[in-house]
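Heads up: the structure comes next, in structure tokens.
FYI, it's all coordinate maths here, none of it is from the lab. As the structure is a computational prediction, the values presented were derived from the model and not from experiment. Cβ sites come from the backbone with ideal geometry, for glycine too, and all protein chains shown count toward neighbours.
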Amino acid sequence: MIEITELHNLNQYANFDTFSYRDKTIILYDDHRCLLTALYEAQRLGIIDNETNLVTFDRHDDARPIYENWELISKFTKIGIDKISQRDFKNFVEFDIREFDDDWVCVGMELGLINNIVNVGNVDGTNIDNWVNRIYIDKLGRKHLGQVINHIPDELSRIGGALGDRVRYNDFKIVRDVLGYNLPGTQDGFADTETNYVLDFDLDCFTADCQGRTFAWPEPIFQDIYGYGDNGAGYIMQDVIKRARFITICRESSYCGGIGESNKILAYLDKYFFHDSLGTKSI
């Protein structure tokens, strides 16, 4: 019997690995819907609560409306997620949520595992922008806010940037409040306030298409966008990581062009964000 007494124990589950970066736990897994398993365990352990937000770097927002399994979701919300066994919840995520990994965000909101969501780097269209006023109202009447933004360097611009434009705070309030960045009445940058979010990476966020195939960004492109150059994104990312409750990384190889391409991207994150804590570099 697997006993999860801390997040690092998730490495006892199939297709989960865990690592440490400074004081943060990093959870590496295969299918994006399995993030809900990590959130369930974290909530059960008291690491997060039902007010915890999600900041996800993902080429897709995975917030398609739920069309299946309402009966089971309603059952879980009625009895309370804390009353669901670990085995039952893991099996629910594995077998009852769409295998295309495209509706788990709304499922997580219905179950009280995700409060608000910020989706970074979405280039393939968004369901979130189709929500009325970008608000999802779950079956219990709770409101969940969502916002989609471009990659971080684009949003640092002082003219129109979701992070950099002080004048447009109200337009990007969700992003600013979740990250605690450039808040009204504060100095430029991150405010000295507590944040409550999980930081998630879907590796397909760092891919591009060519001739009907999907490829990892070339490393010089990744370094130019998220390195430690003049745009400042690498330094911003270190603060985003530091302020997260924990970090999750989804391989999603089938959406990255294959295992080789997803491994390239994982190595980029390891090198530029986590300073070789994931052990992707050959000895």
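If you plug the beta carbon distance of residue 85 and residue 280 into 1/(1 + (r/R0)^6) with R0 = 22 Å, you get a FRET efficiency near 0.05. Largest GNM mean-square fluctuation across 130, 115, 231, computed for the chain with C-alpha springs under 10 Å, falls on 130. By the rule of a C-alpha distance below 13 Å, with chain neighbours fewer than 8 residues away ignored, the aspartates and glutamates paired with residue 271 are 219. The Kirkwood radius of the chain, taken over pairs of alpha-carbon atoms, gives through the Stokes-Einstein law at 20 °C and 1.002 mPa s a diffusion coefficient of 111 µm² s⁻¹. Of the cross-linked pairs 143/173; 173/281; 90/139, which ones have a Cα-Cα span greater than 27 Å in the structure shown? The answer is 173/281.
Mind running the shape call on the range 156-198? Use the C-alpha gyration tensor, a ≥ b ≥ c as the square roots of the eigenvalues: rounded below 1.5 for a/c, prolate if a/b tops b/c, oblate otherwise. Taking the square roots of the gyration eigenvalues as a ≥ b ≥ c, the range 156-198 is prolate.
For the chain, the dipole from Cβ point charges (+1 on Lys and Arg, -1 on Asp and Glu) about the Cα centre works out to 520 debye, to the nearest 20.
Computed from the Cβ-Cβ distance with R0 of 22 Å, the FRET efficiency linking residue 68 to residue 254 stands at 0.60. What the phi angles of the range 192-205 give under the Karplus curve with 6.51, -1.76 and 1.60, with θ = phi - 60°, is a coupling list of 7, 10, 6, 10, 9, 8, 9, 9, 10, 10, 9, 4, 5, 4 Hz, glycine and proline written as x. With contacts taken as Cα pairs under 8 Å and at least 6 residues apart, the chain reaches a relative contact order of 20 percent.
Comparing 71, 194, 252 in a Gaussian network model of the chain where C-alpha atoms under 10 Å apart are linked, the largest mean-square fluctuation is found at 71.
Compute the separation of the alpha-carbon centres of the range 75-100 and the range 208-283 and state it in Å as a whole number. If you average the Cα positions of each part, the centres end up 30 Å apart. Taking 0.36 nm per residue of separation and subtracting the Cα-Cα distance, full extension of the segment from residue 12 to residue 139 would add 42.4 nm. Only helices enter the 222 nm calculation for the chain: every DSSP H run of n ≥ 4 contributes -39,500 (n - 2.57), and dividing by all residues gives -8000 deg cm²/dmol, rounded to 500.
Here the spin labels are modelled as points 7 Å beyond Cα on the Cα-Cβ line, and at residue 173 and residue 230 they lie 3.6 nm apart. Under a 10 Å cutoff between Cα atoms, tell me which one of 84, 174, 128 has the largest fluctuation in the Gaussian network model of the chain. For the chain, modelled as a Gaussian network with Cα springs under 10 Å, the answer is 84. Computed extension gain for residue 75 through residue 242, at 0.36 nm per residue and net of the alpha carbon distance, reaches 56.5 nm.
Among the DSSP beta bridges whose two residues both lie in the chain, what percent are antiparallel, rounded to the nearest 5? Around 40 percent of the beta bridges assigned by DSSP in the chain are antiparallel ones.
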